[in-house]
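Working notes, beginning with the structure itself.
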Amino acid sequence: MDNLKKNREFVSLLIKKVLSNEMTVLEAVSIFPKEKDDISIKCAFDALMHREADEDLRKNIEGYSQIQDDFLSDLAVILSKNQPLPKNIIMQYYKFHEDDLISDDKFDFLSFLKKVKRMINF
């Protein structure tokens, strides 16, 4: 199995574990593949990050959490089939995410939070 396929399947599993409350978002992103060349994996990473960052929206806007979780579930299904994400999702990613949150460095929670805050405050 090639590395791209293995990483997509692993990301799919991480998303499913977050959605089933077997793992927190922070636990999932701390072991996320450092795949710099697959935009689908980068999009999935940021989608998970939004789940964590949107805590207030998830609590205060009716239906928000369900829509967000359905979206993540759809991403997991696509990635589990080793398919790239649809172009409309990729285009939205480029529109709002200039910073690369996936880092080659060892996971550092404080640096991670700074990057997320910078991304959210676009």
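The values are calculated or read from the model by the stated rules, or taken from the named source; none is laboratory data. Not measured: the values here are computed from a predicted model. Cβ placement follows ideal geometry from the backbone for every residue including glycine, while neighbour counts extend to all protein chains displayed. Remember, those area values only see protein heavy atoms, side chains included, never the ligands or the DNA or RNA. Shrake-Rupley method; radii C 1.70, N 1.55, O 1.52, S 1.80 Å.
Taking residues in segment 49-74 that are free of Cβ contacts under 8 Å to residues at least 40 places away in the same chain and exposed (fewer than 14 other Cβ atoms within 10 Å of the Cβ), and partners anywhere that are part of a helix (DSSP H, G or I) and of a type outside the set (Lys, Arg), the pairs with Cβ atoms closer than 6 Å and at least 6 places apart or on different chains are LEU57/TYR64. Quick check: is even one residue across segment 92-107 polar (S, T, N, Q), in a loop (DSSP other than H, G, I, E, B) and either surrounded by 17 or more Cβ atoms within 10 Å (Cβ to Cβ) or at pLDDT below 90 (or both)? Within segment 92-107, one or more residues are polar (S, T, N, Q), in a loop (DSSP other than H, G, I, E, B) and either surrounded by 17 or more Cβ atoms within 10 Å (Cβ to Cβ) or at pLDDT below 90 (or both). Filtering segment 7-38 down to residues that are closer than 22 Å to LYS95 by Cα and open to solvent by 40 Å² or more (accessible area, probe 1.4 Å), which residue is modelled with the lowest pLDDT? Only one residue fits best here, namely LYS36. Residue by residue through segment 75-85, note down the ones that are in a loop (DSSP other than H, G, I, E, B) and either hydroxyl-bearing (Ser, Thr, Tyr) or open to solvent by less than 20 Å² (accessible area, probe 1.4 Å) (or both). If the condition is that a residue be in a loop (DSSP other than H, G, I, E, B) and either hydroxyl-bearing (Ser, Thr, Tyr) or open to solvent by less than 20 Å² (accessible area, probe 1.4 Å) (or both), then LEU85 is the only one that fits.
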